[in-house]
Amino acid sequence: MFTDSHCHLNFPELASNLPAILQVMSQARVERALCICTTLEEFGDVHQLAQQHDNLWATAGVHPDNEGVREPTLDDLLALGSLPRVVGVGETGLDYYRLNGRSIADMHWQRERFRVHIRAARQLGKPLVVHTRSASEDTLQVLREEGEDGSAGCAGGVFHCFTEDWNVAKTALDLGFYISFSGILTFKSAQSIRDVAAQVPMDRLLIETDSPYLAPVPYRGKPNNPSYVPFVARTLAELRGISIEEVASVTSNNFDRLFKGIFVS
């Protein structure tokens, strides 16, 4: 019924308890989840999850905020992205939240890494999983410069764990991207994000946990897992004045349409 479009089941907090997590997912009617790669070093573990469980899929990519890790080349991403059950490229994007004394100009390595992911996604014909934090203007600009304008031949993808304003959301939608909301949507302090979520077209909505992070109310502050994604759906249902079943159906169908490779991988 529900689909978690973004989680990290390979992270130690979840991997050590995977059988129990898969069980509670089933009990919560969370039928599928996409396991997101954040380094090349961890790709093997992420991919193994997708190979071993028929309701899990994987992506290939290096998170923009990860330093001191193997830098992905275009050939790396093309090879990994072509493997069975790998349906997207990322998590990629830009993150200027922790500059650590550096200027935005100094973050050119992030922008180049992002470009490599975009080019790989276009060649593979698979969507991007985009992370942006304190960097939305540059994120959108790099996508435009790389030809991601929503036209035929573009990779498209999803802006995951969306926390920006409506102008950013509208621009991302105009570029052909989907918008995914996490447990942050349930936080008391997140009214501005709920305002955005109420406006995103239904056919562009996804839901996620980003687990093990960002557990929704009433589990805020505790380790998150995909079984909690229905709490995100419930908040969306309340915002839209529809049933939680409709949110589950619509967001799962959107997931199928975006990550079309799930039907052949």
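Shown are Ser16, Ser182, Ser136, whose ranking by accessible area with a 1.4 Å probe and every protein chain present, most to least, is Ser16, Ser136, Ser182.
Please state the shape class of the chain: rounded when a/c is under 1.5, otherwise prolate if a/b exceeds b/c and oblate if not, all from the C-alpha gyration tensor.
Note, shape of the chain comes out rounded.
Leu124 sits with roughly 40 Å² accessible to a 1.4 Å probe, with DNA, RNA and ligands left out of the calculation. Please say if segment 205-265 is rounded, prolate or oblate, where rounded means a/c under 1.5 for a ≥ b ≥ c the square roots of the C-alpha gyration tensor eigenvalues, and otherwise the choice is prolate for a/b larger than b/c and oblate otherwise? In terms of gyration-tensor shape, oblate.
Percent of C-alpha pairs per 10 Å bin in segment 85-234, short distances first: 11, 39, 36, 14, 0. A simple spin-label model places pseudo-atoms 7 Å from Cα toward Cβ; at Ser243 and Ala152 they are separated by 3.9 nm.
Measuring with a 1.4 angstrom probe and ignoring ligands and nucleic acids, Arg119 comes out at about 90 Å² accessible. Within the accessible surface of the chain, defined with a 1.4 Å probe on protein heavy atoms only, the carbon and sulfur portion equals 49 percent.
For segment 39-113, what is the accessible area per residue in Å², given a 1.4 Å probe and the full set of protein chains?
Numbers: 3320 Å² over 75 residues.
Solvent-accessible surface per residue comes out at 44 Å².
For segment 161-263, the solvent-accessible area with a 1.4 angstrom probe is 41 square angstrom per residue. Panel note: the C-alpha atoms of segment 1-150, placed on their principal axes, show extents of 47, 34, 27 Å (largest first).
Each of Gly90, Leu49, Thr38 was placed along the dipole of segment 23-144 (beta-carbon charges, centred on the mean Cα), and the one lying farthest toward the positive end is Gly90. Between Lys222, Lys126, Lys170, the residue with the greatest mean-square fluctuation in the GNM of the chain (Cα pairs under 10 Å linked by springs) is Lys222. The spacing between segment 13-51 and segment 151-208, judged by their C-alpha centroids, is 23 Å.
Taking the Cα centre of segment 141-224 as reference, the dipole from Cβ charges on Lys and Arg (+1) and Asp and Glu (-1) amounts to some 540 debye.
Stokes-Einstein diffusion of segment 158-265 at 37 °C, 0.692 mPa s viscosity, Kirkwood radius from Cα pairs, rounded to a whole number: 236 µm²/s.
Rolling a 1.4 Å probe over the protein chains gives Ser189 an accessible area of about 100 Å². Given +1 at the Cβ of Lys and Arg, -1 at the Cβ of Asp and Glu and no other charges, the dipole of segment 8-101 around its Cα centre is 360 debye to the nearest 20.
Taking 0.36 nm per intervening residue step and subtracting the Cα-Cα distance, what contour gain separates Leu99 from Lys170 on full extension? Display every interim value, and only then the final one.
Numbers: separation 71, 0.36 × 71 = 25.56 nm, distance 2.69 nm.
Additional length available on full extension: 22.9 nm.
Using a simple spin-label model with pseudo-atoms 7 Å out from Cα toward Cβ, Val24 and Gln123 lie 4.1 nm apart.
The values are calculated or read from the model by the stated rules, or taken from the named source; none is laboratory data. Because the structure is predicted, anything quoted here is derived from the model rather than measured. Positions of Cβ are generated from backbone atoms using ideal geometry, with glycine treated the same way; all protein chains shown enter the neighbour counts. Quick note on the areas: whole protein, heavy atoms, side chains included, nothing else; ligands and nucleic acids left out. Shrake-Rupley method; radii C 1.70, N 1.55, O 1.52, S 1.80 Å.
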